Amino acid sequence: GASNKAYGAAVIDDHTPTPDHAKFSWAKLGVTVTVFVALWGLAMLALGGQQTLTDMGSFFSKAAFLTIGGAYAVLPYVYQGGVEHYGWLTGAQMMDGLALGETTPGPLIMIVTWVGYLGGVTKQVFANPLAAGFAGAAVATFFTFLPSFLFLLAGGPLVESTRGDLKFT
C-alpha cells in the first residue's frame, strides 16, 4: 500500500556530479593498467621460481578472464587445468570442491581456493603440508581476483563517462 512517509534527497543519485577521482581520463587509465601489470609481475617474481606456484599464478590469471561468463563458464576450464593438465588434484577431489561450493554461501568461484590448496599440498610446494596448502590457496585466490579489481578500478570511470551519452543508452 501507499506510504505517507517522506524521505530526504538521496546522497548519490542520477543528478549527482561525478567526483573528480572517478572521472575518466586516458592518463589515469594508463597509470592504473601499468600499476596492475607491475603488481602482477612483482607477485609472479615473489613466488621465487617455485614452479607449481608460478604455474598457478599464470593459470588462475587466465582463468580470471573467463569468470566474466560466471563461475559455471570457468569451472570446466579449472577442472581441465587443475586435474588433467597440472595434476594438482584428482577428479573426485574436484567434485568434492564443487559440492562444497554449491552447499555453502558465497561465490562459486571460490572453488579455485580449494584447487590451489590441494595443488600446493599435492605438489609439496613446502615441506609442511599446511603451509603448502595455504600458499597454493593464497596464490590461486590472489591471481583469480587481481584482474577483477583491474576491471573495476580501470573500467569503472570509463563506464561512468558514458552516462547521459545517447549512443550508449
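THR169 fulfils the conditions (1) closer than 24 Å to THR67 by Cα; (2) surrounded by fewer than 16 Cβ atoms within 10 Å (Cβ to Cβ); (3) β-branched (Val, Ile, Thr) except for a single criterion, (1).
Taking region 1-39 as the region of interest, how many residues are closer than 30 Å to LYS62 by Cβ and over 29 Å from the mean Cα position of the chain (by Cα)?
Adding up the residues that qualify gives 0.
Once region 121-164 is narrowed to residues that are closer than 14 Å to LEU39 by Cβ and among the small types (Gly, Ala, Ser), the residue that is nearest to the chain's Cα centre (by Cα) is SER148.
Per-residue answers, yes or no, for (1) surrounded by fewer than 23 Cβ atoms within 10 Å (Cβ to Cβ); (2) touching a Phe, Trp or Tyr at 6+ places or on another chain (Cβ under 9 Å):
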site	(1), (2)
PRO107	yes, no
GLY116	no, yes
THR122	yes, yes
THR144	no, yes
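Scanning region 128-169 for residues that are in a loop (DSSP other than H, G, I, E, B) and either modelled with pLDDT of 95 or more or under 15 Å from LYS23 (Cα atoms) (or both) gives ASN128, SER161, THR162, ARG163, GLY164, ASP165.
Scan region 105-119 and tell me whether some residue there is modelled with pLDDT of 95 or more and over 21 Å from the mean Cα position of the chain (by Cα). Looking through region 105-119, none of the residues is modelled with pLDDT of 95 or more and over 21 Å from the mean Cα position of the chain (by Cα). The set of residues from region 33-49 being open to solvent by 80 Å² or more (accessible area, probe 1.4 Å) and either under 29 Å from GLY87 (Cα atoms) or touching a residue at least 60 places away in the same chain (Cβ under 8 Å) (or both) comprises VAL37, TRP40, LEU42, LEU45, ALA46.
Considered as a group, the residues in region 4-32 that are assigned to a helix (DSSP H, G or I), hydrophobic (A, V, I, L, M, F, W, C) and open to solvent by less than 60 Å² (accessible area, probe 1.4 Å) include one that is modelled with the lowest pLDDT, and that residue is ALA22.
Among the residues making up region 50-99, those that are aliphatic (A, V, I, L, M), open to solvent by 70 Å² or more (accessible area, probe 1.4 Å) and under 27 Å from VAL37 (Cβ atoms) are LEU66, ILE68.
The values are calculated or read from the model by the stated rules, or taken from the named source; none is laboratory data. As the structure is a computational prediction, the values presented were derived from the model and not from experiment. Note that we place each Cβ from the backbone using ideal geometry, even for glycine, and neighbour counts take in every protein chain shown. What goes into the accessible areas is simple: the full protein's heavy atoms, side chains included, and nothing from ligands, DNA or RNA. Shrake-Rupley method; radii C 1.70, N 1.55, O 1.52, S 1.80 Å.
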